[in-house]
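Step one of this worksheet: look at the structure below.
The values are calculated or read from the model by the stated rules, or taken from the named source; none is laboratory data. Here the structure is a predicted model, which means the values were calculated and not measured. Because the Cβ atoms are built from the backbone with ideal geometry, glycine has one as well, and the counts that use them run over all protein chains shown. Side chains included, ligands, DNA and RNA excluded: accessible areas come from the protein's heavy atoms. Shrake-Rupley method; radii C 1.70, N 1.55, O 1.52, S 1.80 Å.
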Amino acid sequence: MNDAARQELLLNMLVKEDMSADFYASAAIANLSKGLHVEASNRRLVRTAEWFEHPHPSGRDLQGEPDFAAIKLVRALYQFGGTTLLEARTEQAMAEFFLQSQFESKYKSENHMLLFHASRYLAAQKYPGQWFAAYGKTGEELLGEDGAFLHRFLVFRARRGWAEFDSCCYLAPVMECLLCLYDFSCNGKLKQLAGMMLDVLMLDMVCDSLDGLYGGAHGRIYGHHALDHARGAVFPLYYLYFGHSYGSALRSNCLIDALLSAYRPHAVVREIAGGRTLPYTHRESKHLHSITCEPPHVQLPQEEGSINKYTYVTPRYVMGAVNYQDPYRAGSEASWYAHHQQHQWDLTLAGGTDWKIFSHHPGHSGTEGSEHGYWTGDLGCGCGQFFGERNVVMAMYRIPAEQEFAWIHLHVPRAVFDEVTEAGNYLFLHKEGTYVSLYLHNGYEWTEEGEYAGRELICRGAVHAVICEAGIQEDFGSFAAFCEAVQKNEIGFDPAAMSLSYVSAQAGQLHMDGSGRTLNGRRVAFPYPTYDGPYMQSAYDSGVITAGINGKRLIYDFNRVSVTGEYR
């Protein structure tokens, strides 16, 4: 299927006549793009523009997400404004929203900051001579302020990565902002910055992915994303831009902005997506996020320190972890945010969107969506440490006494494997010539009833060591030989000192404790470069990112807002 056919398929999945749950008007925009359900779609857009006049559809504070509505209204206003598709009353309702409302979210997380400033910038560009009552300034004044903010915002993230890093859900609002800036900004430099950052985000996703499966560790995701790649917003985006083998798993959750935008990834991104030589490793460094805990969630000065991510991509699997995360400085108001909705390590096998293995300390046991949920995040606890190298990931946990759950669990979809062998504290798995070993220091038990029956392991106790090693038939021969070889590997775990070491024939001698990581006796240096892999490189905090393949390269210089190199 070619690009146009994939785009049409995904767009048709968004078109719908019933828009009662279309809170932000994505379906309305999709309908209008095809000239369908025009009157109903205008009514839906008016309803979205009346954001502050109705109860939140989920009962939340209306000031939490007005920026999600704002960016969609921007897309509709620029995409259809001045045409017969957008009725006069709809344009008037949109103008009143932007000119009268305070549509900045009470939250100051990374995506909310970008959503607000991007939507206000483009609204100010649309109404330059008009008064924005909530901000006491004209559109022309706000255009300058927000344009400068967005320039600084994007350059900083080119230098030090995104705090909500590689998020398979929050990448969507980031992209919709960048796509709107790329499509509609009249400022040439800001438009180019948006296009450059879109390429960088797509490169980063590609370098951590195997045929559309976005593997390894992630920042800010929810439990359903942790359990199944197909639930993430990046899954249809990868399909749109590059194609993948899991079309039957697509849901109607593709970002409408991507389907309507003029942006398409640069040729270098597409060539890397389709022409990588596997296996390889990809290292990244991300900045620590800095906001206060209580409303009004004030943005704080940037903390030093970083989150260091390691990913190993092979033809059979993707494996990766947050190898080291710096603590916030003592007394920092931002320290509460550490491990917020992070997915700390993951092994994803080729062949299924939910063929995923990872360990996790569960928190909130109710409706998924809390910051320390049943399958993702460790907010307010931070009891885990992780270290991955090539085909091995190690994890340690020391669970504080006040935590609700004094145990950890693992996602292991038992039914998808061809062979499952249990040997004491070891669990061995075989799928089509790919082998997996799990060592669980405290032993384990399978969950046999309920929603997670047959795909959840529970390990009791407050202190844990977990070691996962992957292998392939070509390296080990039979599955039995793999099981035998792994059980001979030396393990050293000191629960009192929280020190874990492991010797692997392929990965080498790994050691971690609270102070750092060593590989074959040598201390691992952090921070990693901002990007460091065969297809994408950037020195830490430089703002200059090189992408290349097959002897050609492209240089994205965010400081100079320029793109140079062999690709034109």
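A few comments on the model shown:
- Distance between the stretch 345-361 and the stretch 133-162 - C-alpha centres, whole angstrom: 38 Å
- Cα point-scatterer Debye curve for the chain, base-10 log of I(q)/I(0) at q = 0.06, 0.08, 0.09, 0.12 Å⁻¹: -0.30, -0.54, -0.69, -1.20
- Trypsin sites (Lys or Arg not before Pro) within the stretch 1-42: DSSP coil, no more than 15 neighbouring Cβ in 10 Å: Lys34
- Loop-resident sites, the stretch 1-73, for GluC sites (Glu not before Pro), counting at most 13 other Cβ within 10 Å (DSSP): Glu17
- Dipole orientation for the chain: of the candidates Leu519, Leu32, Ala4, Ala4 has the Cα lying most toward the positive pole (charges on Cβ; Lys, Arg +1; Asp, Glu -1).
- With the simple spin-label model, which puts each label point 7 Å out from Cα in the Cβ direction, the Ala267 to Leu300 separation comes to 4.7 nm.
- Portion, in percent, of the accessible area of the chain that falls on carbon or sulfur, probe 1.4 Å: 49 percent
- Normalising the average separation of contacting C-alpha pairs (under 8 angstrom, six or more residues apart) by the number of residues puts the relative contact order of the chain at 11 percent.
- What the phi angles of the stretch 505-522 give under the Karplus curve with 6.51, -1.76 and 1.60, with θ = phi - 60°, is a coupling list of 4, 9, 8, x, 9, 9, 8, 9, 8, x, 9, x, 9, 10, 10, 6, x, 9 Hz, glycine and proline written as x.
- Whole-number accessible area per residue in Å² for the stretch 124-172, which is evaluated in the context of all protein chains at 1.4 Å: 37 Å²
- Cα shape, the stretch 103-173, gyration tensor, a/c 1.5 rule: prolate
- Cα centroid separation, the stretch 396-417 to the stretch 243-307 (Å): 27 Å
- For the stretch 280-382, the relative contact order is 22 percent, taking Cα pairs closer than 8 Å that sit 6 or more residues apart in sequence and dividing their mean separation by the residue count.
- GluC sites (Glu not before Pro) restricted to the stretch 249-313 and DSSP loop, no more than 15 other C-beta within 10 Å: Glu304
- Check: the chain dipole with +1 on Lys, Arg Cβ and -1 on Asp, Glu Cβ, in debye: 1420 debye
- Contour minus Cα-Cα distance for Asp541 and His151 (0.36 nm per residue): 138.8 nm
- Estimated FRET transfer efficiency (Thr421, Glu50; beta-carbon r; R0 60 Å; 0.05): 0.50
- Taking a ≥ b ≥ c as the square roots of the eigenvalues of the alpha carbon gyration tensor, the stretch 392-497 is oblate, as a/c is not under 1.5 and a/b does not beat b/c.
- Efficiency of FRET between Asn12 and Glu432 - r from beta-carbon atoms, R0 35 angstrom, step 0.05: 0.55
- Residues in the stretch 52-63 carry Karplus couplings, in order, of 8, 9, 9, x, 4, x, 10, x, 7, 5, 4, 7 Hz; the curve used is 6.51 cos²θ - 1.76 cosθ + 1.60 with θ = phi - 60°, and Gly or Pro positions show x.
- Accessible area per residue in Å² at 1.4 Å probe, computed on the stretch 338-417: 28 Å²
- For the stretch 277-294, the Karplus equation 6.51 cos²θ - 1.76 cosθ + 1.60, evaluated at θ = phi - 60°, returns couplings of 9, 9, x, 7, 10, 9, 10, 8, 10, 10, 6, 6, 7, 9, 9, 6, 7, 9 Hz by residue, with Gly and Pro reported as x.
- Cut-off under 5 Å, modelled amide H: who pairs with Tyr435 long-range: Gly471, Ile472, Gln473
- Spin-label pair Arg553/Ser248, simplified geometry with 7 Å Cα→Cβ offset, distance in nm: 4.3 nm
- The stretch 205-341: relative contact order in percent, alpha carbon pairs under 8 Å with at least 6 residues between: 27 percent
- For the chain, the 222 nm mean residue ellipticity estimated from helices alone, with every DSSP H stretch of n ≥ 4 adding -39500 (n - 2.57) and the total spread over all residues, rounds to -9500 deg cm²/dmol.
- Amide N of the stretch 406-423 lying under 14 Å from the label point, which is placed 7 angstrom from the Cα of Arg460 along Cα→Cβ: 406-408
- For the stretch 320-412, the C-alpha radius of gyration sits at 1.12 times the compact-globule guess of 2.2 N^0.38 Å, with N the residue count.
- All C-alpha pair distances within the stretch 179-230, sorted into 5 Å bins from zero, spread as 4, 17, 20, 16, 14, 14, 11, 4, 0 percent across the bins.
- Between Asp211 and Glu448, the simple label model (points 7 Å from Cα in the Cβ direction) yields a spacing of 3.5 nm.
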